Amino acid sequence: MGIERIEYKTWKGKKTSFSKRFFVIGEKIFLNKINSKAIWILLVIGYILVHVFTIASAPFYPREELTKELILDGRGTLIGAPYLKGYFFYLFTIILVSVVCSDILSQDIKENSFVLYFSRPLRTVDYIAGKLTGSIMIMSLFCALPPILVGSSVIATQTGNNYMGSFGILGLTTIAGVLTSFIFLPYAVLLSSFTKRKAYSGIGTFMTFFVLDIISDIFTNFNTNWRLVSPVNLLHYSYDIIYGTELPAEINSTLYVIAVIMLTILPLFTLFIRIHLKGVKG
Amino acid sequence: MTDFVLEANNLSKWYGDVIGINSLNLKIPEGITGIVGPNGAGKSTIFKLATGMIKPNKGEIKVLGENPWLNDKIIGRIGFCPDYENLADYSTGSRFLHYIGSLHGLKKEELDESIARTSRLVGADDFLNRKIETYSKGMRQRLKLAATLLHDPDVLFLDEPLSGADPQARKDLIELIKNLHIERKHDVLVSSHVLSEIERMTNDIVLIHKGRVIASGDISEIRSLIDEHPHRIVIEGGKIDDLAKYLLDLKYVVSLSFEDNKRRLIVEVEKADNFFKDIPSLINRTGADIFEMYSKDDNLQAVFNYLVGGKR
């Protein structure tokens, strides 16, 4: 090999922590996923079935302004079917989250690659934030980008002058898209930390959401608050809140908050505890 | 400033029912120190504790005078080369080093410079743009060493850095590790389950077995300790009957036995050095046709057996 002793000079840079280090992990995840054929196939099918017609028809079907009814329920579009509140949109979202997160931690467990991260000045929070950031970036390609494109094309061809109102709706649509990209991730990432097999993790995530929908349907007959058990209902109620609509009167707002916490904060907290204290790293 | 690179006091770590480290007491001075122990002895657990990856169940560990658990300042001063083979095979060596350097917070320009410097140092610059899946074991070890040095750590923890490398790569890596201390003043803690490899890097060793330190200090002292015990030496070849008769007359020969239809002779001796000094002339005198001769006890397990109670 030839050992070079002369040119090696020690680096005198900063050796303490770097606050945006999680972004390095996020970027790597995004690049890995975007090079995955499975993700591309899923994105193409999802776009064709959910987004393409709405995006393509928007410029040819001018409206006075962008409205929340158009974005949520597809009212006034060529197809006329619900858009963000459409079941296909939800279905592809949970399929995508299942695929994206299937190996997000399970691969690190399988390959014991925690050592690559945690032998460096990187906190558990940075690690989790990095994994979530990369996943959100991928999910946004399906959940946030297309609705923004739909909104933008409607604004570009709108006949009325209320651009402020339209841009306001576009902003809320962006928030709704980011929320959709994120809301199912914590649970999916948590599930990925329980197994070395990505198939178990992916199928487990999808089936959990699917079964929760069924349970919700069954028990709603007895009490309408059971609707909150369904991830799709929870997502739709969250859209209502984002777009300024009140929750339906039959839904308890406290239970809604608890359900959102159960779906997001609780899995993240559990994940943190598992990695930080229970020695997943070991 | 502490005089010790690593200190462990009554350190214990267990995984469920399995004990990784058991009430370990250790003081590693500056310089190069070898940790030697068979597989499963607890070497990797010591490194994980020292890099703050896992928390001890009992006792304390200090690196450069501070507890590494959640201590970014100390972890940033450590360069850890893990005994880990699952590098990003789909990636190139260069991209892998960029990723690792970024995790250390190095900015692009200084990272590029550091990658060029360290890869040249470890002899990885020739294959840095190839995909990692095409690398040999030796290349992977060099890449991991480059990743270890990227952020110019003060102390290097190298977990089985020679594992799987070919003889030439081993020789080069041993030289490199020695030079990292001699010329670059890095303190190095290096582990191996091969005693002779560590001997070529340093005289200061720590022997661990079943999560405990069973001996530490200068390797010659440990060698002397081992030499006090009888050694079993195997001689294989033809016409070894006469050789056996001569050996029986030697004071330090304790016993003799034949195996494999008198083609293998096992000699138990008290003074192995004397035996190896005398054996060439005996072979000449008897005309024995020797294919192979080796000490059955010149392996790490035998060393540990001696040290933990004289069992064979």
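The values are calculated or read from the model by the stated rules, or taken from the named source; none is laboratory data. Predicted model only: the values in this text are computed from it and were never measured. Cβ: placed from backbone, ideal geometry, glycine included. Neighbour counts: every protein chain shown.
Give the residues of the range A:57-71 that are touching a Ser or Thr at 6+ places or on another chain (Cβ under 9 Å) and in a helix (DSSP H, G or I), sorted by residue number.
Passing the criteria: A:SER57, A:ALA58, A:PRO59, A:PHE60, A:LYS68, A:LEU70, A:ILE71.
Filter the range B:95-148 down to the residues that are more than 8 Å from chain A (Cβ to nearest Cβ) and among the polar types (S, T, N, Q) and list them by number.
B:SER119, B:ASN129, B:THR134, B:SER136, B:GLN141, B:THR148
For A:GLY76, are the conditions met, namely being facing chain B (nearest Cβ under 8 Å) and either touching a helix residue (DSSP H, G or I) at 6+ places or on another chain (Cβ under 8 Å) or at pLDDT 90 or above (or both)?
No.
Which one is surrounded by the most Cβ atoms within 10 Å (Cβ to Cβ) among residues in the range B:51-90 that are over 28 Å from B:GLN141 (Cβ atoms) and within 8 Å of chain A (Cβ to nearest Cβ)?
Checking each candidate, the answer is B:LYS55.
If you scan the range B:3-32, which residues turn out to be loosely packed, with under 13 Cβ neighbours inside 10 Å and more than 17 Å from B:VAL206 (Cβ to Cβ)?
Result: B:TYR15, B:GLY16, B:ASP17, B:VAL18.
Scan the range A:95-151 residue by residue and report those that are free of Cβ contacts under 8 Å to residues at least 60 places away in the same chain and more than 10 Å from the chain's Cα centre (by Cα).
Residues satisfying the conditions are A:ASP108, A:GLU111, A:ASN112, A:SER113, A:LEU116, A:SER119, A:ARG120, A:LEU145, A:ILE148.
Tell me the residue from A:ILE273, A:ILE242 that is of a type in the set (A, V, I, L, M) and within 14 Å of chain B (Cβ to nearest Cβ), please.
From the options A:ILE273, A:ILE242, the qualifying one is A:ILE273.
Quickly run through the range A:116-161 and pick out the residues that are of a type in the set (S, T, N, Q) and either touching a His at 6+ places or on another chain (Cβ under 9 Å) or buried (at least 24 other Cβ atoms within 10 Å of the Cβ) (or both).
Selection gives A:SER119, A:THR124, A:SER135.
Name, by its number, the condition in (1) crowded, with 17+ Cβ neighbours inside 10 Å; (2) of a type in the set (Val, Ile, Thr); (3) not assigned by TED's automatic domain parsing to the domain that holds B:ILE177 that does not hold for B:ILE208.
(3)
Could you go through the range B:160-183 and let me know if any residue there is assigned by TED's automatic domain parsing to the domain that holds B:SER216 and in contact with a Phe, Trp or Tyr (Cβ under 7 Å, 6 or more places away or on another chain).
no
Could you go through the range A:137-150 and let me know if any residue there is within 14 Å of chain B (Cβ to nearest Cβ) and among the small types (Gly, Ala, Ser).
No: the range A:137-150 contains no residue that is within 14 Å of chain B (Cβ to nearest Cβ) and among the small types (Gly, Ala, Ser).
Applying the selection to the range A:16-63, what residues are surrounded by 13 or more Cβ atoms within 10 Å (Cβ to Cβ), charged (D, E, K, R) and farther than 15 Å from A:CYS143 by Cβ?
Within the range A:16-63, A:ARG21, A:GLU27, A:LYS28, A:ARG63 qualify.
Just need a number here: residues in the range B:275-302 that are at pLDDT below 85, under 20 Å from B:SER255 (Cα atoms), in a helix (DSSP H, G or I) and among the aliphatic types (A, V, I, L, M).
1
Hey, any hits in the range B:135-150 for a residue that's out of contact with any strand residue (DSSP E or B) (no Cβ under 7 Å at 6 or more places or on another chain) and among the aromatic types (Phe, Trp, Tyr)?
The answer is yes, given that some residue of the range B:135-150 is out of contact with any strand residue (DSSP E or B) (no Cβ under 7 Å at 6 or more places or on another chain) and among the aromatic types (Phe, Trp, Tyr).
Within the range B:227-267, track down each residue that is of a type in the set (S, T, N, Q) and under 20 Å from B:ARG285 (Cβ atoms).
none
From the list B:LYS27, B:LYS43, which one is of a type in the set (Lys, Arg) and under 18 Å from A:SER119 (Cβ atoms)?
Exactly one residue qualifies, and that residue is B:LYS43.
Having 3 or more residues that are touching a residue at least 24 places away in the same chain (Cβ under 8 Å), under 21 Å from A:LEU96 (Cα atoms) and not small (Gly, Ala, Ser) is the bar; report the helices (runs of 4 or more DSSP H) wholly within the range A:184-282 that clear it.
Qualifying helices (runs of 4 or more DSSP H): A:185-192, A:198-219, A:231-242, A:265-276.
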